[in-house]
Amino acid sequence: MTTPGLAADDSSEAWAALAKGGHGALIRHGNAPTGYGGDPPGFRFDDGKTQRNLDDMGREQARALGEALRKHGVCVDRVVSSPVCRCLETGQLMAVGAVETSWALLPGTGSRAIRVLELEEMVSS
């Protein structure tokens, strides 16, 4: 369940809603410098070395977000990431639990209808 109008800023109302539970949060990966207008040529999901990855700032952002969640009393029941390394690493560095992967979080992969069903199931469980 999501609360319309609550942004992921430092507002006390948003943090209180997350700490109360029953909500989902959509988080983008930490800083990952581009230079290619996206991922480098030869990008492969099975090889993180071929991808645009987090830099030191991105790693610190992920750690800081995990710390902020703990500081505000937010209990994280589930973390789901796309299989892209920068996304997985962000989830892992937040240190809030195991990170699952889902292809449904990648636009342009598979059937749109199937992705929507998988996303609906993800946010309802």
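Here are a few things to note about the model shown:
- Test: residue in region 95-106 that is part of a loop (DSSP other than H, G, I, E, B), at pLDDT 85 or above and more than 18 Å from ASP47 (Cβ to Cβ): yes
- Looking only at region 102-115, residues that are over 17 Å from the mean Cα position of the chain (by Cα) and on the phi < 0 side of the Ramachandran plot come to 5 in all.
- GLU60 falls short on exactly one of the conditions (1) out of contact with any strand residue (DSSP E or B) (no Cβ under 9 Å at 6 or more places or on another chain); (2) acidic (Asp, Glu); (3) not in a helix (DSSP H, G or I), and that condition is (3).
- The residues of region 17-29 that are touching a residue at least 40 places away in the same chain (Cβ under 8 Å) and hydrophobic (A, V, I, L, M, F, W, C), listed by number, are LEU18, ALA19, ILE27.
- Identity of the residue in region 46-58, out of contact with any helix residue (DSSP H, G or I) (no Cβ under 6 Å at 6 or more places or on another chain) and under 10 Å from GLY30 (Cα atoms), that ends up surrounded by the fewest Cβ atoms within 10 Å (Cβ to Cβ): ASP56
- Which numbered condition GLY66 misses (of (1) surrounded by 18 or more Cβ atoms within 10 Å (Cβ to Cβ); (2) in contact with a strand residue (DSSP E or B) (Cβ under 9 Å, 6 or more places away or on another chain); (3) not hydroxyl-bearing (Ser, Thr, Tyr)): (2)
- With respect to the conditions (1) under 28 Å from THR109 (Cα atoms); (2) surrounded by 12 or more Cβ atoms within 10 Å (Cβ to Cβ); (3) not hydrophobic (A, V, I, L, M, F, W, C), HIS72 lacks only one, and its number is (1).
- Within region 79-94, being touching a Ser or Thr at 6+ places or on another chain (Cβ under 8 Å), outside any loop (DSSP other than H, G, I, E, B) and not polar (S, T, N, Q) holds for VAL80, CYS87, LEU88, GLY91.
- Restricting attention to region 93-124, the residues that are touching a residue at least 12 places away in the same chain (Cβ under 8 Å) and closer than 24 Å to ALA62 by Cβ total 17.
The values are calculated or read from the model by the stated rules, or taken from the named source; none is laboratory data. Treat the numbers as computed from the prediction; the structure is a model and nothing was measured. Cβ atoms come from the backbone with ideal geometry, glycine included; neighbour counts cover every protein chain shown.
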